[in-house]
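Chemist: One structure, as structure tokens, below. Some questions next.
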Amino acid sequence: MKKFGNRLSVFAGAASLAAATVALAASPALATTGDFTNGNFTSGNFSTNALSSPGYDTLYPGGSSYLDGWTVTSGSVDLIGSYWTQPTTDTSGNAYSGYSLDMNGSPDSANPSTPGTISQTFTTVANATYEVQFLLAGNPTCGLFTKTLSVSATGGTSQSFSFINTSSTTQTSMGWTPEMYTFTANSATTTLTFAADTSNQSNCGPALADVTVTQSASATGAQCKDGGWQSMVDPNNNYQPFKNQGDCVSYYAVSGATPIGS
């Protein structure tokens, strides 16, 4: 079973397998999300044989196995193939075609830390609001306890999401749950980060699948009102905060954006 054996023997076997670059269709994203990609974790350099047996491939910072668009910045994550059942539908209710991650990867002697962190940087529109949708579950192998995943974006606050493993949570019935995180972009690029709870040092972490990013609304001059200018930035001034409400209003009036009060 995954997570209880010595991973050195697994890596020794996997080393003899050819690592394949998989280029299946990534989860679609609106054009307004720029170059956000690979939300279903299907494109990258990893062992497709390992995804069949033992059912997962472990990804480390700077390792030879990786996911296009994403960077493992700390710990490790397991890219899950056959180890558990993937979601049947995505966050939009359509058939899901992709892989998922155990955010607590399998350690070896050179990489003992298991809680993992992944990030992706993509283009955004300053002051626009974005919705990050994803599916959350928890690896049930280690028993019944809560798995916590934090999500953050450049300039935004971090938010924690929890999944409770119950007696009905199994590898064939994961209980995938849709979640959403929102943030307001403060520059022309944003880094989105998913991080496993470092207090959970087990090898069974939160499970992540089907990440999508969409722009929910364009910023307007009306958002300058009622102190809103304090959390907005001026793209014409190196994305520095507006000095006051008038400064904010002037930017939208000159730029041709929707003026205050509309």
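The values are calculated or read from the model by the stated rules, or taken from the named source; none is laboratory data. Nothing here was measured: the structure is a model prediction, and the numbers come from that model. FYI the Cβ positions are ideal-geometry reconstructions off the backbone, even for glycines, and counts take in every protein chain you see. Heavy atoms of the whole protein, side chains included, go into the accessibility calculation; ligands, DNA and RNA do not. Shrake-Rupley method; radii C 1.70, N 1.55, O 1.52, S 1.80 Å.
Chemist: Under the condition of being among the small types (Gly, Ala, Ser) and more than 11 Å from the chain's Cα centre (by Cα), which residue from region 114-151 is nearest to ALA196 (Cα to Cα)?
Modeler: GLY116
Chemist: Would you pick out the residues in region 153-164 that are open to solvent by 60 Å² or more (accessible area, probe 1.4 Å) and in a strand (DSSP E or B)?
Modeler: Those that are open to solvent by 60 Å² or more (accessible area, probe 1.4 Å) and in a strand (DSSP E or B): GLN159, SER160, SER162, ILE164.
Chemist: Determine whether ALA95 is surrounded by 16 or more Cβ atoms within 10 Å (Cβ to Cβ), small (Gly, Ala, Ser) and in contact with a Ser or Thr (Cβ under 8 Å, 6 or more places away or on another chain).
Modeler: Answer is no for this residue.
Chemist: Among the residues of region 165-174, is there at least one that is within 18 Å of TYR130 (Cα to Cα) and either among the small types (Gly, Ala, Ser) or not in a loop (DSSP other than H, G, I, E, B) (or both)?
Modeler: Checked region 165-174: no residue is within 18 Å of TYR130 (Cα to Cα) and either among the small types (Gly, Ala, Ser) or not in a loop (DSSP other than H, G, I, E, B) (or both).
Chemist: Output the qualifying pairs, or none if there are none: Cβ atoms under 6 angstrom, residues six or more apart or on different chains, first residue in region 55-78 and free of Cβ contacts under 8 Å to residues at least 24 places away in the same chain, second residue open to solvent by less than 60 Å² (accessible area, probe 1.4 Å) and in a strand (DSSP E or B).
Modeler: Listed pairs, sorted by first residue: PRO61/VAL72; TYR66/GLY44; TYR66/ASN45.
Chemist: Give all pairs with beta carbons closer than 6 Å in which a residue from region 179-200 that is more than 12 Å from GLY75 (Cβ to Cβ) and open to solvent by less than 30 Å² (accessible area, probe 1.4 Å) meets a residue that is among the acidic types (Asp, Glu) and at pLDDT below 95; count only pairs at least 6 apart in sequence or on separate chains.
Modeler: Partner pairs satisfying both residue conditions: none exist.
Chemist: If you don't mind, there's one more thing I want to ask. Being among the hydroxyl-bearing types (Ser, Thr, Tyr), modelled with pLDDT of 95 or more and either open to solvent by less than 10 Å² (accessible area, probe 1.4 Å) or touching a Cys at 6+ places or on another chain (Cβ under 7 Å) (or both) is true for just one of THR58, THR73, THR89, THR85. Which residue is that?
Modeler: THR58
Chemist: Check ALA253 against each of (1) hydrophobic (A, V, I, L, M, F, W, C); (2) at pLDDT below 90; (3) open to solvent by less than 40 Å² (accessible area, probe 1.4 Å) and name the one condition it does not meet.
Modeler: Of (1) hydrophobic (A, V, I, L, M, F, W, C); (2) at pLDDT below 90; (3) open to solvent by less than 40 Å² (accessible area, probe 1.4 Å), only one is false for ALA253: (3).
Chemist: For the subset of region 140-165 comprising residues that are over 22 Å from TYR83 (Cβ atoms) and of a type in the set (Val, Ile, Thr), which member is modelled with the highest pLDDT?
Modeler: The residue in question is VAL151.
Chemist: Exactly one condition in (1) within 30 Å of PRO241 (Cα to Cα); (2) crowded, with 22+ Cβ neighbours inside 10 Å is not met by ASN104; state its number.
Modeler: Single failed check for ASN104: (1).
Chemist: Only residues in region 85-96 that are in contact (Cβ under 8 Å) with a residue 60 or more places away in the chain count as the first member; pair them with residues that are open to solvent by 70 Å² or more (accessible area, probe 1.4 Å) and not in a strand (DSSP E or B), Cβ under 6 angstrom, at least 6 apart or cross-chain, and list the lot.
Modeler: Hits for this filter: THR85/THR172.
Chemist: When you scan region 134-152, do you find a residue that is surrounded by fewer than 21 Cβ atoms within 10 Å (Cβ to Cβ), in a loop (DSSP other than H, G, I, E, B) and β-branched (Val, Ile, Thr), even just one?
Modeler: yes
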